[in-house]
């Protein structure tokens, strides 16, 4: 249940903060969700990772679909992806997911440290 709560909270905060802040807003969202909802072990990294990876892939697909993937195809040619738009979307999600996973893990660890100090 905590995993789902953290997942939804990360996506919601990511959507809200991304309207006002640049790309690193997802790191703030993952940090806050990691500090609010404590997760155990590897879930502290992978839940924010999957949440933001999904958010960025869907967002990139929606933005690219509006112009028939014209810009995405050109970027996929510039990068060594042979024009593969799906791979470009996947790499976009992985990059955002890594940033969010590290921030979520940091938020989780900060909460654990602060909880130890209060005990």
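Can you confirm whether residue 30 is modelled with pLDDT of 90 or more, buried (at least 23 other Cβ atoms within 10 Å of the Cβ) and either farther than 15 Å from residue 97 by Cα or out of contact with any strand residue (DSSP E or B) (no Cβ under 9 Å at 6 or more places or on another chain) (or both)? In short, yes.
Residues checked against (1) farther than 23 Å from residue 3 by Cβ; (2) crowded, with 18+ Cβ neighbours inside 10 Å; (3) touching a helix residue (DSSP H, G or I) at 6+ places or on another chain (Cβ under 8 Å):
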| position | (1), (2), (3) |
| --- | --- |
| 37 | no, yes, yes |
| 76 | yes, yes, yes |
| 79 | yes, no, yes |
| 88 | yes, yes, yes |
| 110 | no, no, yes |
| 118 | yes, no, no |
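If the condition is being closer than 19 Å to residue 110 by Cβ, surrounded by fewer than 22 Cβ atoms within 10 Å (Cβ to Cβ) and touching a residue at least 40 places away in the same chain (Cβ under 8 Å), then the range 4-27 contributes only 24. Here residue 63 meets each of (1) modelled with pLDDT under 95; (2) buried (at least 17 other Cβ atoms within 10 Å of the Cβ); (3) closer than 25 Å to residue 47 by Cα with one exception, condition (2). The set of residues from the range 55-66 being part of a helix (DSSP H, G or I) and farther than 16 Å from residue 27 by Cβ comprises 57, 58, 60, 61, 62, 63, 64, 65.
Listed by first and then second residue, the pairs linking a residue in the range 92-119 that is at positive phi and part of a helix (DSSP H, G or I) to a residue that is modelled with pLDDT under 90 and surrounded by fewer than 22 Cβ atoms within 10 Å (Cβ to Cβ), with Cβ atoms under 9 Å apart and 6 or more places separating them unless they lie on different chains, form an empty list. Answer yes or no: is there a residue in the range 68-89 that is within 23 Å of residue 16 (Cα to Cα), part of a helix (DSSP H, G or I) and either modelled with pLDDT of 90 or more or touching a strand residue (DSSP E or B) at 6+ places or on another chain (Cβ under 7 Å) (or both). Scanning the range 68-89, I find at least one residue that is within 23 Å of residue 16 (Cα to Cα), part of a helix (DSSP H, G or I) and either modelled with pLDDT of 90 or more or touching a strand residue (DSSP E or B) at 6+ places or on another chain (Cβ under 7 Å) (or both), so the answer is yes.
When 9, 13, 17 are checked against the criterion of being over 23 Å from residue 113 (Cβ atoms) and in a helix (DSSP H, G or I), a single residue qualifies: 17.
The values are calculated or read from the model by the stated rules, or taken from the named source; none is laboratory data. Predicted, not measured: the structure shown is a model, and the values here were computed from it. Glycine gets a Cβ as well: all are built from the backbone with ideal geometry, and neighbour counts include every protein chain shown.
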